[in-house]
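The values are calculated or read from the model by the stated rules, or taken from the named source; none is laboratory data. Here the structure is a predicted model, which is why all the values come from computation and not from measurement. Virtual Cβ from ideal backbone geometry, glycine too; neighbours counted across all protein chains shown.
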Amino acid sequence: MQLSITILTALLAVVKADSDSASTRWSSFRRHLSYADVVGYAPSSQVTDQCAIDLDQEDIFTQLTLDTVNSFERARKIYQEGGHSKSYAYITLTKGLESGVQEGDKLLGRNVEGDQVSGTAYENYAAGVKVVKFRYTTTDIPESYVECQVGALAKPNLTGCLVADGDVTIGGADYPYSYSPTEQNNNGRTIAGFSTTAGERMRTYKDFRYFANYYGKDDYADVWIQSAFLGKDTGFTNGNANFALWESDGREQAIVKGTAYIAVFMAVIRELEDALNDCDNGLGIFHSWDAAVCYYAGSLEGNDGLNGGRFMHEAADKRCADFRTCGKDGKGLTGVSGVNLKIMDYFSIGKDQLGKKNCSGARETTEKIIAQMYIPQIQGALRYAYKVGALGGGEKEKGEAATFAAAVLPRIHAAWSKSAKTICDNLCVGAPSTDFAAVKRAFEDTYDDLGITCAEVGGFWFNGASDYYKGMEPCEGGGSSPAGTMGEEGGGDSASHRLELITAFFATAILSIFTL
């Protein structure tokens, strides 16, 4: 009995000493119960609406596969106007607001069936205003997060939309209103918006500068995608693409992969950087970090990540089967990619670091996430370089090769401009020929700088022969050349390459002294 009391006393002492951390863990546990997981990641905020942006991507893909003039234009409208994320009704009141309304204030209305529809004020409104954006409330249930999805969709969901003419309750007062449910239910979050607002929102972020400086345009992703839709020249400073050279096969690939792997790719980085800024400013919030996970994985992947999505998570799993980099050891041909296992682990680690206000640690974790995100882009470019250069692939394969290359070329250029030039000369739109071996060497020369290894990239696997395609075997180590980082403007050689030049200079000087 005395022993039991002693043990119990000791346990109570441990619990008391660790009360703060226990409270934090319990609070975290409750949060985990409150929000739906994203591919196993437990967000601390509601991000179902952010995750749903991949439904726009899915509909863009669906329209492009129809391969008609009308479906092409429909896909473009969905890209520009959305349909699934940050839904709101643009309503006109018959009388002005009696008093001011703040963004987030509760609003109430009814749908065509007479059921109550809840929402919030999209932004601040002064007294007397008659035009209001009624933002629909979202839930934490991915399958039914919002019941009004219209925008530019070919098949809108009007179930939970406000009725065309009715009353809306604002600040306890009822206001008659009118609007067109099919024309004035819009979306505040679109894939196009990720790029068109990037210059303003990401100007100081390193990876964004790589891309903006290389292409010569802040909205480079939107320019790429719109030019592919319209069959026009991008006018880029580097890596230019003249889509007038291609028919629909190549342009479709440039669009569907450009939206996911160029536009949304940078949105992931933006949210990670925003989260770091919040940490530096002492804000104990996780919403931006949670949103980054959504833009990386999307909603279609499901909790286990095996359902098949449209964003980077799915791309990593597809490429691991091509490059034998699946599983925990990164050597398998099936299952979750080694890239995803690392990135999802890093997301959880980074969230914990942010919670502890370990901003420098979260910064290091962010760099690891970004480095891993470039791997599927490289694998995609290598795969289609071989398909075009060795297997005689046509416009579709050239479109995939060019788009995967475009998604990583600015980062390669920042590591070693010579490698970027070699890759673009062989893979960019209009490349006269493709030397896959030269492309492979050019990529490998930058792995050290990118913070990735040959083993993580793997080699292009030929299932029919149970071996790698000849010349596409994995390299060894972390790459054979430049390590280090470029200046902010990019366009030079990496630190290790410069070191090689300096070493050679001094070696020559010393040799000349001894031969005097």
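In this structure, does LYS398 turn out to be surrounded by fewer than 24 Cβ atoms within 10 Å (Cβ to Cβ), of a type in the set (Lys, Arg) and in the same structural domain as GLY284 (by TED's automatic domain parsing)? So LYS398 does not fit the description; no. Quick one: is THR138 among the hydroxyl-bearing types (Ser, Thr, Tyr), surrounded by 14 or more Cβ atoms within 10 Å (Cβ to Cβ) and within 24 Å of the chain's Cα centre (by Cα)? Judged against the criteria, THR138 is a match.
Taking the criterion of being surrounded by 21 or more Cβ atoms within 10 Å (Cβ to Cβ) and farther than 29 Å from GLU395 by Cβ, the residues of region 199-212 that qualify are MET202, ASP207, PHE208. When GLY308 is tested against (1) part of a loop (DSSP other than H, G, I, E, B); (2) at negative phi, only condition (2) is not met. Residues in region 243-251: is at least one touching a strand residue (DSSP E or B) at 6+ places or on another chain (Cβ under 8 Å) and in the same structural domain as GLY380 (by TED's automatic domain parsing)? Looking through region 243-251, at least one residue is touching a strand residue (DSSP E or B) at 6+ places or on another chain (Cβ under 8 Å) and in the same structural domain as GLY380 (by TED's automatic domain parsing). Beta carbons closer than 6 Å, at least 6 apart along the sequence or on distinct chains, never pair a first residue in region 36-52 that is over 12 Å from PHE347 (Cα atoms) with a second that is of a type in the set (S, T, N, Q) and in a helix (DSSP H, G or I). Would you call SER178 loosely packed, with under 15 Cβ neighbours inside 10 Å, touching an Asp or Glu at 6+ places or on another chain (Cβ under 9 Å) and within 30 Å of ARG76 (Cα to Cα)? Yes. Is there a residue in region 232-253 that is surrounded by 21 or more Cβ atoms within 10 Å (Cβ to Cβ), touching a helix residue (DSSP H, G or I) at 6+ places or on another chain (Cβ under 9 Å), under 20 Å from ILE53 (Cα atoms) and not small (Gly, Ala, Ser)? Yes: region 232-253 contains one or more residues that are surrounded by 21 or more Cβ atoms within 10 Å (Cβ to Cβ), touching a helix residue (DSSP H, G or I) at 6+ places or on another chain (Cβ under 9 Å), under 20 Å from ILE53 (Cα atoms) and not small (Gly, Ala, Ser).
Selection of region 66-123 for residues being among the β-branched types (Val, Ile, Thr) and in contact (Cβ under 8 Å) with a residue 12 or more places away in the chain yields ILE78, ILE91, THR92, THR94, VAL101, VAL112, VAL117, THR120.
Would it be correct to say that ARG270 is of a type outside the set (Asp, Glu), at pLDDT 95 or above and in contact with a strand residue (DSSP E or B) (Cβ under 8 Å, 6 or more places away or on another chain)? Criteria not met by ARG270.
For (1) of a type in the set (Lys, Arg); (2) modelled with pLDDT of 95 or more; (3) over 23 Å from TYR261 (Cβ atoms); (4) outside any strand (DSSP E or B), each residue gets a yes or a no:
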{"residue": "VAL15", "(1), (2), (3), (4)": "no, no, yes, yes"}
{"residue": "THR24", "(1), (2), (3), (4)": "no, no, yes, yes"}
{"residue": "ARG31", "(1), (2), (3), (4)": "yes, no, yes, yes"}
{"residue": "ALA36", "(1), (2), (3), (4)": "no, no, yes, yes"}
{"residue": "GLN50", "(1), (2), (3), (4)": "no, yes, no, yes"}
{"residue": "LEU55", "(1), (2), (3), (4)": "no, yes, no, yes"}
{"residue": "ALA75", "(1), (2), (3), (4)": "no, yes, no, yes"}
{"residue": "TYR79", "(1), (2), (3), (4)": "no, yes, no, yes"}
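Of all residues in region 478-494, exactly one satisfies the criterion of being modelled with pLDDT of 50 or more and on the phi > 0 side of the Ramachandran plot, namely GLY479. For GLU271, the requirement of being acidic (Asp, Glu), touching a helix residue (DSSP H, G or I) at 6+ places or on another chain (Cβ under 8 Å) and not in a helix (DSSP H, G or I) is not met. Residue pairs whose Cβ atoms lie under 9 Å apart, sitting 6 or more positions apart in sequence or on different chains, and linking a residue in region 448-477 that is at pLDDT below 95 to a partner that is assigned to a loop (DSSP other than H, G, I, E, B) and crowded, with 16+ Cβ neighbours inside 10 Å, are GLY477/THR453. Scanning region 400-447 for residues that are in contact (Cβ under 8 Å) with a residue 60 or more places away in the chain and either outside any helix (DSSP H, G or I) or among the acidic types (Asp, Glu) (or both) turns up GLU400, ALA407, TRP416, CYS428, VAL429, GLY430. When the test is whether a residue is of a type outside the set (Gly, Ala, Ser), in contact with a Phe, Trp or Tyr (Cβ under 9 Å, 6 or more places away or on another chain) and assigned to a loop (DSSP other than H, G, I, E, B), GLU301 passes it.
To keep it simple, each residue is scored yes or no on (1) crowded, with 17+ Cβ neighbours inside 10 Å; (2) in contact (Cβ under 8 Å) with a residue 60 or more places away in the chain; (3) of a type in the set (Lys, Arg).
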residue	(1), (2), (3)
SER348	no, yes, no
LYS351	yes, yes, yes
CYS359	yes, yes, no
THR366	yes, yes, no
LEU382	yes, yes, no
LEU391	no, no, no
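Would you say GLY335 is buried (at least 20 other Cβ atoms within 10 Å of the Cβ), more than 17 Å from the chain's Cα centre (by Cα) and not in a helix (DSSP H, G or I)? No: the conditions fail for GLY335.
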